[in-house]
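None of the figures in this text is laboratory data; all of them are computed from the coordinates on show. Predicted model only: the values in this text are computed from it and were never measured. Neighbour counts are summed over all protein chains in view; Cβ atoms, including those assigned to glycine, are modelled from backbone coordinates with ideal geometry.
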Amino acid sequence: MYYKFNAVTQRLTGATANAYTPQGLCPAVPPVSSPMIFASPIKLESETESQVKYLRANKVPDLQRLFQRSNGVPVYLKGGLIDKLLYRTTMGFTIGGALYCLLTLYFVAQPGNK
């Protein structure tokens, strides 16, 4: 028996030697539909509804209102305290790294002791 590794389902699929077809000649379709990876629907895929209801509420309209509000705050700080901390930490590391690079270049440029 010949086994092929299916990259989509991450499983070995079996095929007899006489049923071998190279992948370039026919599309490889998994015999069983793979489970959803990125979402956990309340209803199964086999049900006939066109929309799948997810466990979490849609936060996009609320976030759009928050980020599109014109209150003079830059968009990268509109998320609140966490955004301020991330911004200040990033700027601190950036300025500190630049100073460290300049200091290292200064010491490397000095003539060595002979």
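Give me the extension gain from F93 to L105: residue separation times 0.36 nm, minus the current Cα-Cα distance, reported in nm with one decimal.
Gain on extension, F93 to L105, equals 2.5 nm.
Each residue, N113 and A57, gets one label point 7 Å from its Cα in the Cβ direction; the gap between the two is 6.9 nm.
Placing dummy labels 7 Å off each Cα toward the beta-carbon, the span from L81 to A7 is 4.6 nm. Rounded to the nearest whole Hz, the Karplus-based 3J(HN,Hα) values (6.51 cos²θ - 1.76 cosθ + 1.60, θ = phi - 60°) of the stretch 95-105 follow the sequence 5, x, x, 5, 5, 5, 4, 5, 5, 5, 4, with x at glycine and proline. Across the stretch 85-91, rounded Karplus estimates of 3J(HN,Hα) from the backbone phi angles (6.51 cos²θ - 1.76 cosθ + 1.60, θ = phi - 60°) give 5, 5, 5, 5, 5, 4, 5 Hz, Gly and Pro being marked x.
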